[in-house]
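Everything on this sheet refers to the single structure shown next.
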Amino acid sequence: MKIKRKLFAIAAMVLCVGSFTGCAKQDAEDVLDAEMSSSIAMGSENILEELASYDAAYISSMIEQYQDSDNKTMADSLDAWLTTMEEVGGFVQVNGSSAELKDNQYVATIDATFEKRPMSVTFIYDKKGVITSMEFAPEYSLGENMSRAAVHTIIGMGTVFLVLIFISLIIGCFKYINAWEKKLNAKNAPAAPAPAPAPAAAPAAAAVEEEEELVDDLELVAVITAAIAASMNTSTDGLVVRSIKRKSGAKWKRA
């Protein structure tokens, strides 16, 4: 295991030495020349081949080393490779590579073929030629991308429907909560006072009043009949009062 660590360190140092060969020119022009670009690309290919030869146990030990040295970026990069190596399988060949200077860093991109699928690998170095991070992008077929998208869609829609069902169940429980609340309020509410009995003398009073009005009308008829009989010098037996009507503007009102 120590030998493999040394090999990885030597590969990184080779790239570091290769990048320093054009340091003076690089700082002056801020553009990679063909020789320096080729040096960085070839060094990156060697590091990829060396990295692909390590097993999962050794990669895990490297991750622990970088975590102990507080290099979280490299630890995360190797952790990503540990997950990716199971998807791509063993290393087959390098199809092509290139290097460029971007954001004051050396960026090397390698197009490689593995047993299960091709993959694009990116190594990022600082100006001293030390690797700062690694990125791995496996290439999936159209069918694989469609199946992954379908799985993500099903998971997303399933989650949405589960949430909607949960919300509908909560809303459905509101009627039971309302009924329970009304029952609880009725149980805790004070007893209402008994309603007062309705007065029973009202119909009798109305009957008495109607009877008094009827008596007043009979007295009025008798008086009028007597007055008419006196004016005609006759008896009241032959007179019959059929109706009495009040005449507006009568002179007797002013008497």
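The values are calculated or read from the model by the stated rules, or taken from the named source; none is laboratory data. Not measured: the values here are computed from a predicted model. For neighbour counting, all protein chains shown are included, and Cβ atoms are generated from backbone atoms with ideal geometry for every residue, glycine included. What goes into the accessible areas is simple: the full protein's heavy atoms, side chains included, and nothing from ligands, DNA or RNA. Shrake-Rupley method; radii C 1.70, N 1.55, O 1.52, S 1.80 Å.
So the values come out like this:
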quantity: Qualifying positions in the range 86-114 - part of a helix (DSSP H, G or I) and open to solvent by less than 40 Å² (accessible area, probe 1.4 Å); calculated: Val88
quantity: Residue selected from the range 158-175 under the condition of a type in the set (A, V, I, L, M, F, W, C) and more than 18 Å from the chain's Cα centre (by Cα), by the criterion least open to solvent (accessible area, probe 1.4 Å); calculated: Cys173
quantity: Cβ pairs under 9 Å, 6+ apart, first in the range 127-145 and farther than 15 Å from Lys116 by Cβ and open to solvent by 60 Å² or more (accessible area, probe 1.4 Å), second modelled with pLDDT of 90 or more and in a helix (DSSP H, G or I); calculated: Glu135/Ser77; Glu135/Ala80
quantity: Number of the exception - Arg117 against (1) touching a Phe, Trp or Tyr at 6+ places or on another chain (Cβ under 9 Å); (2) under 19 Å from Ser77 (Cα atoms); (3) open to solvent by less than 70 Å² (accessible area, probe 1.4 Å); calculated: (2)
quantity: Test set (1) at pLDDT 80 or above; (2) touching a Lys or Arg at 6+ places or on another chain (Cβ under 9 Å) - Glu144 fails condition number; calculated: (1)
